[in-house]
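Each remark here refers to the structure printed beneath this line.
The values are calculated or read from the model by the stated rules, or taken from the named source; none is laboratory data. Small disclaimer: the values here were computed from a predicted structure and weren't measured. Note: ideal-geometry Cβ built from the backbone for every residue, glycine included; neighbour counts use all protein chains shown.
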Amino acid sequence: MIDFRNIYKSYGERELLRDVSLRINPNERVGVVGPNGAGKSTLFGMITGDVEPDKGNVSLPNNMRIGYLRQHLAEEGDDITLLDYAENAVPELRGIQHRVREIEKRLGAGESDDKALAELGALQTTFESLNGYKLKNLAEAALSGLGFAVEAFDHPFAQFSGGWRMRAGLARVLIANPDIMLLDEPSNYLDAPAIEWLSRYLKSFQGTLLLISHDRYLLKALTNITIEVNCGQAVRYPGDIDFYARARESRMVELESAKRNNDRKKEQLERFIERFGAKATKASQAKSKMKALERIEDIVLPDRLAYTGRLTLPPPPRCGAEIIRVENAGFSYDKSRWIFRGVPLRVENGDKIGVVGYNGMGKTTLLKTLAGVLPLSEGTRVLGHNVVVGYQAQNFGEILPAGKSVLDVIRAVCPTGGERRVDPRGILGAFGFSGESADKPCEVLSGGEKIRLAFARIFANPPNFLVLDEPTTHLDMAARESLQQTLLAYEGSVCVVSHDIEFIRQVATTIISVGPEGVVKYHGNYDYYLDKSAAKAAAVAEGDATRAESKDLRKDRRRERAAHRDKYIKTKNLLEKRVTEVEKSLEQWEREKHNVVNALAAAISGTNFGVLNRSLKDLTAQIEAGTAEWEKLSIELETLLKEYNAVDEE
């Protein structure tokens, strides 16, 4: 077990941890949460020995192997390859290999030494227990699962960007299979497929896991204990992140009530002391009250982690049923290497679309072409009637530059002339920046404030189609949940890229996957996409295993598609024929009804009103039944077309 006993740690005048005591039991899976800068990484540093507490001590079991993914990796030499870096996951193995070679050299020279033979056997057993014989295969599997291409394994590690180096560092920690694994924000540089892979991998981990993360999906999937580090305290909750959220709120209510009672007692004692402290007859009582006051400990309330900023989007302007349509769309920066090509895509009013896929496959480029920031290299892009696009780039730095105030950012985008003139302060007030807060510099804004300002910037010219690239980056859990609820309530259309799986799962009702197979639209939510993509992957794996049958399978699929198309055309023709027949009947009945109504109105002598009234009643009933049948047939036609298109796209 890991024991923290009466830990105190400060940096300068700032108390980071104050009298912290807690225990982490063997094989527990612990999520560590709290505001940025509260001391979560400091706790990890104390476990590894990198950080010394000012007071108290941390105890760990002996001979425990620790794997630690830090937020910043140490530099490596230029000569080491990516695979070499990942393979160097267990430093002890190199020492074992060196000693084995020494013993084998001695034995090969003809020396006979029972002690050396016994040591060699023990070393080989240890080497095997540390997965020394499997390490290369494990490294290749982990690197592939985290998104590296096989051809990148031999590239120099120093050539990779910081984000990809972090992935390699994560692979190294995972394959080391330590007794205690410490992961500090492992999903910061991962896309959705890599996070899914990491979740599956860690579910089989048998050791003690401590995970610092703002990623709700990973915390829900992997942890059953939650520790909140906040305001100098570390509080343990015996449940996952959902249990923690409920229990924390109950604890906050109890603490606030206790603090009110505490403050009331202190106030009463202070009033008594102030009133009677100088009177000789009350001196002993006043002294007793002073001692009682000194014994009352202050109750410190932890910061409320709920997001308190206001983010309410105004109703979008009216527009047509079709938001945007691209046909045979392609984009290339150099006309030779295509990011995507031949893409058909249609967004309808009210769609909430999540875009997923590995980094580097073109998600951001696709969003920029949909938003009109980048022109297509080929194909057509057609905006629907009265569609206004609101685009947010991936990097806040592009739109919220340092040195600019909140008001400067909005003034730069507000229309200034004619009927469309907009008051910048009015816009800011609508998004929670009123009074002096409008003059705040961009560099001091919190994550939640940056999100509100980014949306205020977009809604200076209200859109009805939001295109958002990684809007959850650098937001804590509370701000992410607030943004999630805002987009769910928004009446316009949304297309969003995010590596936050829980965010995509809650917001998106349609998924676009961008990968080696191209741009594929799935007419369902994230779980539907997972089911379909898993089925496709299984089909591909089965096809690889039975390559001899692949030609027949392709023929079968073509026959199935052809049969599906023939059935669709046959059914469609029958429905359209029946629709035409019903329309002709309705026209005939309407003419007859018109004649009957005219005859009744004319009231010519000798008219048989009884017959005419019965005829009018029968015709009205026929028209109502015919209209109902026409509506039913029209719905069947529309449903048939959607089902055919869905099967065709998938």
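On the given criteria, is THR486 part of a helix (DSSP H, G or I), in contact with a helix residue (DSSP H, G or I) (Cβ under 9 Å, 6 or more places away or on another chain) and surrounded by fewer than 18 Cβ atoms within 10 Å (Cβ to Cβ)? Answer is yes for this residue. Of all the residues in segment 612-642, those that are within 20 Å of ARG591 (Cα to Cα) and of a type in the set (Lys, Arg) number 2.
Looking only at segment 68-91, residues that are modelled with pLDDT of 75 or more and either within 19 Å of ALA176 (Cβ to Cβ) or among the aromatic types (Phe, Trp, Tyr) (or both) come to 14 in all.
Determine if segment 134-151 includes at least one residue that is assigned to a strand (DSSP E or B) and of a type outside the set (A, V, I, L, M, F, W, C).
Just the residues of segment 134-151 that are assigned to a strand (DSSP E or B), to begin with: none.
No, segment 134-151 contains no residue that is assigned to a strand (DSSP E or B) and of a type outside the set (A, V, I, L, M, F, W, C).
Filter segment 490-512 for residues that are closer than 22 Å to ASP476 by Cα, assigned to a loop (DSSP other than H, G, I, E, B) and not hydroxyl-bearing (Ser, Thr, Tyr) and give the result. If the condition is that a residue be closer than 22 Å to ASP476 by Cα, assigned to a loop (DSSP other than H, G, I, E, B) and not hydroxyl-bearing (Ser, Thr, Tyr), then HIS499, ASP500, ALA508 are the ones that fit. When residues in segment 182-206 are screened for being surrounded by fewer than 22 Cβ atoms within 10 Å (Cβ to Cβ), small (Gly, Ala, Ser) and not in a loop (DSSP other than H, G, I, E, B), 2 of them pass.
Based on this model, can you work out whether PHE243 counts as part of a loop (DSSP other than H, G, I, E, B) and touching a residue at least 12 places away in the same chain (Cβ under 8 Å)? Show your work before the answer.
Working: part of a loop (DSSP other than H, G, I, E, B): no; touching a residue at least 12 places away in the same chain (Cβ under 8 Å): yes.
The answer is no for PHE243.
Can you tell me which residue among GLU491, GLU481 is within 26 Å of ALA321 (Cβ to Cβ), in contact (Cβ under 8 Å) with a residue 24 or more places away in the chain, in the same structural domain as LEU383 (by TED's automatic domain parsing) and surrounded by fewer than 21 Cβ atoms within 10 Å (Cβ to Cβ)? Going through GLU491, GLU481 in turn, just one is within 26 Å of ALA321 (Cβ to Cβ), in contact (Cβ under 8 Å) with a residue 24 or more places away in the chain, in the same structural domain as LEU383 (by TED's automatic domain parsing) and surrounded by fewer than 21 Cβ atoms within 10 Å (Cβ to Cβ): GLU491. Within segment 46-60, the residues that satisfy the criterion of being surrounded by 12 or more Cβ atoms within 10 Å (Cβ to Cβ), within 21 Å of ARG70 (Cα to Cα) and not aliphatic (A, V, I, L, M) are THR48, ASP50, PRO53. Of the residues ALA479, ALA460, which is in a loop (DSSP other than H, G, I, E, B) and either under 19 Å from VAL497 (Cα atoms) or aliphatic (A, V, I, L, M) (or both)? After applying the criteria, what remains is ALA460.
Just one of the listed residues (VAL514, VAL507) is under 15 Å from the mean Cα position of the chain (by Cα), modelled with pLDDT of 90 or more and under 16 Å from VAL467 (Cβ atoms), and it is VAL507.
Scan segment 6-26 for residues that are closer than 24 Å to LEU211 by Cβ and surrounded by 14 or more Cβ atoms within 10 Å (Cβ to Cβ) and the total you get is 8.
Candidates are the residues of segment 166-181 that are charged (D, E, K, R) and surrounded by fewer than 23 Cβ atoms within 10 Å (Cβ to Cβ); the one that is nearest to PHE243 (Cα to Cα) is ASP179. Applying the set (1) more than 22 Å from ILE323 (Cα to Cα); (2) surrounded by fewer than 20 Cβ atoms within 10 Å (Cβ to Cβ) to ASN461 leaves exactly one unmet item: (1).
A residue that is on the phi < 0 side of the Ramachandran plot and in a loop (DSSP other than H, G, I, E, B) occurs somewhere in segment 265-278.
Matching residues to (1) within 21 Å of GLU470 (Cα to Cα); (2) surrounded by 13 or more Cβ atoms within 10 Å (Cβ to Cβ); (3) modelled with pLDDT of 80 or more:
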site: ASN395; (1), (2), (3): yes, no, no
site: GLU398; (1), (2), (3): yes, no, no
site: VAL413; (1), (2), (3): no, yes, yes
site: THR416; (1), (2), (3): no, no, no
site: PRO441; (1), (2), (3): no, yes, yes
